[in-house]
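What follows is a set of notes on a single structure, which appears directly below.
The values are calculated or read from the model by the stated rules, or taken from the named source; none is laboratory data. Note that the structure is predicted; figures quoted are calculated from it, not measured. Cβ coordinates were reconstructed from backbone atoms using ideal geometry, including for glycine residues, and neighbour counts include every protein chain displayed.
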Amino acid sequence: MRDVYRVMDGRLALLLSEDDPIFQNWDQDETALEERYDLQSSAIVSGELHDAAATYAERLDAVAPTQWERRGTRSNGSPFTVATLGTYSLHDVVHHLWDVTSSQSAPAPSAPDA
């Protein structure tokens, strides 16, 4: 998530400073291997995660009402606005939280019986 926040913050900065930027491709799995996530100190990563999340949150908080529809494009052609980038980022947070808190053998939570 540290790197997700960093990448999303960079993309948000581009959206706010350039007209219709194209985001470079980013492969999270490739980054994990290249950066040797398995060897990184959890204490250091925890601090970096906090800092990256705070930086991204501050930039999002500063978005002016007229900037939410600024557009950009991912390298695969998918369009994004400042608003949809924010939504996508929150999806990633929830997705990764599920990844680290769920058990492979535990079933996904279901809705209660009506």
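Look through the range 8-51, keep the residues that are closer than 19 Å to THR84 by Cβ and among the acidic types (Asp, Glu), and return whichever of them is surrounded by the most Cβ atoms within 10 Å (Cβ to Cβ). Ranking the candidates gives ASP9 first. Within the range 5-26, residues that are without any contact (Cβ under 8 Å) to a residue 24 or more places away in the chain reach partners that are of a type outside the set (Phe, Trp, Tyr) and not in a loop (DSSP other than H, G, I, E, B) with beta carbons closer than 7 Å, at six or more positions or on different chains, in the pairs TRP26/VAL7. Within the option set LEU15, LEU33, LEU60, being in contact with a strand residue (DSSP E or B) (Cβ under 7 Å, 6 or more places away or on another chain) and part of a helix (DSSP H, G or I) holds for one residue only, LEU15. Evaluated against (1) at pLDDT below 95; (2) among the small types (Gly, Ala, Ser); (3) over 13 Å from the mean Cα position of the chain (by Cα), GLY86 falls short on exactly one condition, (3). Taking the range 70-85 on its own, how many of its residues are without any contact (Cβ under 8 Å) to a residue 60 or more places away in the chain and under 14 Å from ARG11 (Cα atoms)? Number satisfying all stated conditions: 9. When the range 68-87 is limited to residues that are assigned to a strand (DSSP E or B) and out of contact with any helix residue (DSSP H, G or I) (no Cβ under 8 Å at 6 or more places or on another chain), the one that is surrounded by the most Cβ atoms within 10 Å (Cβ to Cβ) turns out to be ARG74. Here GLU48, GLU69 are screened, and the one residue that is at pLDDT 95 or above and farther than 21 Å from THR101 by Cα is GLU69. Among the numbered conditions (1) among the small types (Gly, Ala, Ser); (2) at pLDDT 95 or above; (3) under 12 Å from VAL4 (Cα atoms), the only one that SER41 does not meet is (3).
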